[in-house]
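K.L.:
Take this structure first; my questions come after.
Values quoted throughout were computed directly from the atomic coordinates according to the rules given, and no laboratory measurement underlies them. Remember, predicted model here, so these are calculated numbers, not experimental data. Ideal geometry is used to build each Cβ from the backbone, glycine not excepted, and the neighbour counts take in all protein chains shown.
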Amino acid sequence: TPLELDIQGKFEKGFFRDGNKWATCAFYRRFFFDMTCSYTLSPVMPADGGIQFVPQGASEVYNVREFAMTLSATTQGRVPVKLAQYPINKPKPLEFIPFSPVPDKPQPKSASKVDLPKEHTFERIQFRFPVTNNRKYDPKKQYRIVVDLLADIGGEFIKIGERRSPKVVVLSRT
């Protein structure tokens, strides 16, 4: 039975509504945002956890072991923009930490895949470099935050879906 994915992302901190614009964030290099990401599968996963994935246009079938989510950003033209995550215990890190797939926490062998977490909050995220200057709105400097859903097919994660945020305007000091 084919499964349908629904990937969601919700800004928890850092962004705010500004008139008709969905979200604006005044980043002064030191401000962060948090985003809670989740996914659902319909119909609900089978109790035995047996999920198979066939990439579009391919014939090979992959058994999915678990899922993971990643967070990234792009310009309106889909050019990647670097994000960084600051560990909570180090408010002023010396270097930025790139994102990598973060699988769900390991579960005991007896737990079925139905019980695995389907939500993750990315905390203390920041654009790596200032992106817009002088606190001026520039329609060319709009971004989208992207939540990717990945499937572990045996030591390798492959992207199986994404959700892009509405346009986001990011401002910074001069």
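K.L.:
Would you grab the residues whose amide H sits under 5 Å from the one on Ile160? Only those 5+ places off in sequence or on another chain, please, with H modelled 1.01 Å from N.
P.N.:
Amide H neighbours of Ile160, under 5 Å, 5+ apart: Leu149, Leu150, Ala151.
K.L.:
Let me ask something else about it. With labels modelled as points extended 7 Å from the Cα through the Cβ direction, what inter-label distance (nm, one decimal) is found for Gln56 paired with Leu3?
P.N.:
1.9
K.L.:
Can you compute 3J(HN,Hα) from phi for each residue in segment 2-15, using the Karplus curve 6.51 cos²θ - 1.76 cosθ + 1.60 with θ = phi - 60°, rounded to whole Hz and x for Gly and Pro?
P.N.:
x, 9, 9, 9, 10, 9, 10, x, 9, 5, 9, 9, x, 9
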